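Engineer: What follows is a structure written as structure tokens; I'll ask about it next.
Derivation of every value follows stated rules applied to the coordinates shown; laboratory data play no part. None of these values were measured; they are calculated from a predicted model. Don't worry about glycine lacking a Cβ; one is built from the backbone with ideal geometry, like all the others, and counts go over all protein chains shown.
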Amino acid sequence: MTDLLQLVFSGMATGSIYALAALGFTLLWQASGTVNFAQGEFVMLPAFAMLAFGNLGLPLPLAFLATCVLAIGVLGWGFKRGIADPLLKFGLMPIVVATIGLAIALRNGVRAGISAQAFPFPSLFADKLFTLGGVTVSLADVGTLAIAVALVLGTQAFLARTVTGRAMQAVAQNTESATVLGIDVPRMVFYTFAINAVLACAAALLVTPTYLAKFDMGESLGTKAFFAAIIGGFNNSRGALLGGVIVGVGENLAAAYISPAYKDAVALVLFMGVILFKPQGLLGKRVERKV
């Protein structure tokens, strides 16, 4: 039982990182109808940016803040203006193709321009272990879970309880009605892209000490985050947290009790199971469309 609890807790910490990336999927879909298949690479790039700022002498917290500012400009405003805005008028498929191509370009660009080598990344947390009720947990797992859950719930609270957050949701529900009500639609959509960029930076800060900074670190992360978003409910922000935790815990249990070789297949199996029996996701709402 002790081993099981340790696996579950460790899986929850990993799953909470998937949830941060999955939340980016749900936010962009809700606000602008965009699906960003370069989401994993949006986590990889801030990791290298933080390393670069660290090499300039900035401590990790300041390097993180500087990376957030840079990411809002490049991964937020730049992505919106350069890819989303020009292509959205042509429908969803061009966005999907463009972001898949962007992901490939970013991976290969980092490999060619920086290195294919994996670089160590400093951790926010000291290397300490705690024993709670016979279960040994690391400070890194506790801290990662706490920060990720706080960010997801904080984002949800921002959307539900602030004027700006409600305006963003109004834009997501009906752009034309939001415009009639006087809401600055382009600004609200930009806020969504900016929040996604900051969440990607937070995910990079938490996951890279384990994954290491490498050009392809975002490939697996992005795929699992997408599956987590679908599992939890693509139109529900809290579903991203649930889906991420389910995937993280499932991976740990499969690696321990079946085989480590099947660990990466867990997200796909869970995704297929949910799609077959509840296509809208575990917390998602059924949406009707006129055809």
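Engineer: Using the count of nearby Cβ atoms within 10 Å as a rough guide to exposure, how do MET12, MET217 rank from fewest to most? Don't jump to the answer; show the numbers that get you there.
Structural biologist: On the way: MET12 21, MET217 25.
Ascending number of Cβ neighbours within 10 Å: MET12, MET217.
Engineer: Relative to the longest principal axis of the chain, what angle (0 to 90°, nearest 10) does the C-alpha long axis of helix 217-232 take?
Structural biologist: 70 degrees
Engineer: Could you give the spread of the C-alpha atoms of the stretch 140-291 along their three principal axes, from largest to smallest, in whole angstroms?
Structural biologist: 56, 37, 27
Engineer: Let me ask something additional. Under a point-charge model restricted to the Cβ atoms of Lys and Arg (+1) and Asp and Glu (-1), what is the dipole moment magnitude of the chain relative to its Cα centre, in debye to the nearest 20? Write down the numbers at each step before the final one.
Structural biologist: On the way: 18 positive and 12 negative charges, 134 e Å.
That gives the chain a dipole magnitude of about 640 debye.
Engineer: Given H placed 1.01 Å from N in the peptide plane, which residues other than close sequence neighbours of LEU283 have an amide H under 5 Å from its amide H?
Structural biologist: Residues meeting the criterion, in which the H sits 1.01 Å from N, are GLY233.
Engineer: By what distance, in whole Å, do the Cα atoms of the stretch 1-101 stretch along each of the three principal axes, largest value first?
Structural biologist: 53, 41, 22
Engineer: Ordered by residue, what ³J(HN,Hα) values in Hz, to whole numbers, does the stretch 138-143 give under the Karplus form 6.51 cos²θ - 1.76 cosθ + 1.60, where θ = phi - 60° and Gly and Pro are x?
Structural biologist: Along the stretch 138-143, the couplings run 8, 4, 5, 5, 5, x Hz.
Engineer: Can you give the Rg/Rh ratio of the stretch 108-185, where Rg is from the C-alpha atoms and Rh is the Kirkwood radius?
Structural biologist: Values: Rg = 21.3 Å, Rh = 17.0 Å.
Reported Rg/Rh (Cα atoms, Kirkwood Rh): 1.25.
Engineer: Which one, ALA228, ALA170, ALA204, has the greatest fluctuation when you compute a Gaussian network model over the chain with C-alpha springs under 10 angstrom?
Structural biologist: ALA170
Engineer: Can you give the calculated 222 nm mean residue ellipticity of the chain, where each DSSP H run of n ≥ 4 adds -39,500 (n - 2.57) and the sum is split over every residue, rounded to the nearest 500 deg cm²/dmol?
Structural biologist: Taking each H run of at least 4 residues, the total per residue is -23000 deg cm²/dmol.
Engineer: Oh, and also: Given the options PHE53, LEU23, ALA167, identify the residue whose Cα lies farthest towards the positive end of the charge dipole of the chain (+1 on Cβ of Lys, Arg; -1 on Cβ of Asp, Glu).
Structural biologist: ALA167
Engineer: Could you give each residue of the stretch 195-209 its phi-based ³J(HN,Hα) in whole Hz, using Karplus coefficients 6.51, -1.76, 1.60 with θ = phi - 60°, and x for Gly or Pro?
Structural biologist: Here the 3J(HN,Hα) series is 4, 4, 5, 5, 4, 5, 5, 5, 4, 4, 4, 8, 8, 5, x Hz.
Engineer: OK, next. How would you rank TRP29, TRP77, going from fewest to most other Cβ atoms within 10 Å of each one's own Cβ?
Structural biologist: Values: TRP29 18, TRP77 15.
Starting with the residue having the fewest Cβ neighbours, the order is TRP77, TRP29.
Engineer: Using only Cα atoms, what is the ratio of the radius of gyration of the chain to 2.2 N^0.38 Å? Intermediate values should be presented prior to the final figure.
Structural biologist: On the way: Rg = 18.8 Å, N = 291, 2.2 N^0.38 = 19.0 Å.
For the chain, the normalised Cα radius of gyration is 0.99.
Engineer: Each label point is 7 Å from the Cα along the Cα-to-Cβ direction; what then is the distance between the points at ARG187 and LEU92, in nm?
Structural biologist: If labels sit at ARG187 and LEU92, their model points lie 3.0 nm apart.
Engineer: Using the Karplus curve 6.51 cos²θ - 1.76 cosθ + 1.60 with θ = phi - 60°, what ³J(HN,Hα) values do you get for each residue of the stretch 177-184, in whole Hz, with x for Gly and Pro?
Structural biologist: Coupling constants for the stretch 177-184: 5, 4, 5, 4, 7, x, 7, 6 Hz.
Engineer: Using label points projected 7 Å from each Cα along Cα→Cβ, tell me how many nm separate PHE125 and PHE277, to one decimal.
Structural biologist: 3.2 nm
Engineer: When the chain is treated as a GNM, springs tying every alpha-carbon pair under 10 Å, which of LEU199, LEU145, LEU58 comes out with the largest mean-square fluctuation?
Structural biologist: So, out of LEU199, LEU145, LEU58, the one fluctuating most is LEU58.
Engineer: For the stretch 1-51 and the stretch 111-128, what is the separation of their Cα centres, given in Å?
Structural biologist: The stretch 1-51 and the stretch 111-128 have Cα centres spaced 17 Å from each other.
Engineer: Next question. Under 27 Å between C-alpha atoms is the cut-off here; go through the chain and count lysine pairs that meet it, provided they're at least eight residues apart or on different chains.
Structural biologist: Eligible lysine pairs with Cα atoms under 27 Å apart amount to 15.
Engineer: Running a GNM on the chain with Cα contacts under 10 Å, which residue among GLY165, GLY244, GLY182 ends up with the highest mean-square fluctuation?
Structural biologist: Taking springs between Cα atoms under 10 Å, the residue moving most is GLY182.
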